[in-house]
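Asks: Sharing a structure here in structure tokens format.
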Amino acid sequence: MEKEKVKKLKSWLIDLKNFINRKEKAIIVVEGKRDRTALEKFGIMNVYDLKGRNFHTFSEFIADKVNPSVVILLADFDPEGEEIAKKLKSVFCKYNLNVNTSFRESLRETGIRFIEEIPSKLLAQQSFNRRN
């Protein structure tokens with residue numbers, strides 16, 4: 001991963017963490033457990049994973065039990081992730097959830113394709129920097 005993209009990724013993580021800490025009752029929704037774990041490695045909490053559940057059941061749970069002020073939607077950039085993001089955003093809106101996709105769009109600029117690969121991309125760059 002080129003240095004400029006790593007720099008963007010680090011900045012993105014800081015911005016995401018600051019937003020979550022600053023915005024009361026903000027949550028992040030990801031596709032699976034590995035995605036959630038990847039974000040938690042950087043101290044980013046309030047992450048919920050879809051885990052293949054029905055979109056309506058999951059959205060109802062989020063709306064009724066969690067009642068967030070904003071839902072940051074982070075899905076992968078493969079065809080399946082693109083479809084999940086599109087459908088989930090639509091269903092969230094039906095449940096009157098405030099959906100934020102700007103973090104997903106800015107993550108795209110870092111070259112990350114899968115949320116779960118964020119830690120390995122940063123560790124690979126750190127390892128490269130130590131060797132050179």
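Asks: With Ile84, Ile20, Ile72, Ile27 as the choices, which residue is within 25 Å of Ser120 (Cβ to Cβ), of a type outside the set (Phe, Trp, Tyr) and touching a Pro at 6+ places or on another chain (Cβ under 9 Å)?
Replies: Result of the check over Ile84, Ile20, Ile72, Ile27: Ile27.
Asks: Looking at the range 18-33, which of the residues that are over 11 Å from the mean Cα position of the chain (by Cα) and closer than 20 Å to Glu116 by Cβ is modelled with the highest pLDDT?
Replies: The selected residue is Lys33.
Asks: Name the residue that is surrounded by the fewest Cβ atoms within 10 Å (Cβ to Cβ), counting only residues in the range 44-75 that are modelled with pLDDT of 95 or more and of a type in the set (Gly, Ala, Ser).
Replies: Per the criteria, the residue is Ser69.
Asks: Please count how many residues of the range 1-52 are basic (Lys, Arg), under 19 Å from Leu97 (Cβ atoms) and touching a residue at least 40 places away in the same chain (Cβ under 8 Å).
Replies: Matching residues across the range 1-52 total 2.
Asks: What are the residues in the range 101-125 that are farther than 15 Å from Gly32 by Cα, touching a residue at least 60 places away in the same chain (Cβ under 8 Å) and part of a helix (DSSP H, G or I), if any?
Replies: Phe103, Ser106, Leu107, Pro119, Lys121, Leu122, Ala124, Gln125
Asks: Which one of these does Met1 not meet: (1) surrounded by 15 or more Cβ atoms within 10 Å (Cβ to Cβ); (2) modelled with pLDDT of 95 or more; (3) not polar (S, T, N, Q)?
Replies: With (1) surrounded by 15 or more Cβ atoms within 10 Å (Cβ to Cβ); (2) modelled with pLDDT of 95 or more; (3) not polar (S, T, N, Q) applied to Met1, the lone miss is (2).
The values are calculated or read from the model by the stated rules, or taken from the named source; none is laboratory data. Remember, predicted model here, so these are calculated numbers, not experimental data. Backbone-built Cβ (ideal geometry, glycine too); neighbour counts: all protein chains shown.
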